[in-house]
Every structure is written in C-alpha cells, then in structure tokens.
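The values are calculated or read from the model by the stated rules, or taken from the named source; none is laboratory data. Treat the numbers as computed from the prediction; the structure is a model and nothing was measured. Backbone-built Cβ (ideal geometry, glycine too); neighbour counts: all protein chains shown.
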Amino acid sequence: MAKEMGISKASVSRLWRAHGLKPHRVTSFKVSNDPRFAEKLEDVVGLYLNPPEHALVVCLKQIVGYRAWPVRG
C-alpha cells in the first residue's frame, strides 16, 4: 500500500492507527460471486479516495439473518 500510494510504511501505519484500522487482525475475507463485483468495488473505493464535493460517503455492513429484539423497559 505504501509503495502504491508513494508514502512510507510508517505513514501507512500512522494512518491505520489514527483511524482504528487493524487489517492484520482480519481472519477472513469473503469475495462476492457477483460478476460485477470488481466494477462495484472500484466505484466504492473511488468514492472514498476522491469523494465529490459536499458529499458524505456512508458504509453499512449487511448482516444477514440479524433480528432486532425489542427493548423492554
């Protein structure tokens, strides 16, 4: 990543730490079988790297089978 971005490894480490990112602790990664996955991934990453002016980029994690339980008070 550092080489691709033209910055030092220490800079990448500082950025990860500042944003609470710990990619080394990820134990699994599932790639979609969607035939347009690469295209969609590039679109999403592109928004983060070069967001339109006055834009808000929001990322939501889809949890399949999640059931919200009512709060009893």
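I'd like to check something: does the range 16-31 contain any residue that is modelled with pLDDT of 90 or more and of a type in the set (Gly, Ala, Ser)? So far as the range 16-31 goes, yes, one or more of its residues are modelled with pLDDT of 90 or more and of a type in the set (Gly, Ala, Ser).
Which one is farthest from the chain's Cα centre (by Cα), of the residues in the range 9-39 that are polar (S, T, N, Q) and either farther than 18 Å from LEU49 by Cα or loosely packed, with under 10 Cβ neighbours inside 10 Å (or both)? Applying the filter and picking the extreme gives ASN33. Scan the range 22-36 for residues that are under 16 Å from CYS59 (Cβ atoms) and in a helix (DSSP H, G or I) and the total you get is 1.
Look at the range 1-17: where a residue is at negative phi and in contact (Cβ under 8 Å) with a residue 12 or more places away in the chain, no partner that is surrounded by 11 or more Cβ atoms within 10 Å (Cβ to Cβ) and acidic (Asp, Glu) sits 6+ places away or on another chain with Cβ atoms under 7 Å. If you filter the range 37-73 down to residues that are in a loop (DSSP other than H, G, I, E, B) and among the basic types (Lys, Arg), you find that the one that is modelled with the lowest pLDDT is ARG67.
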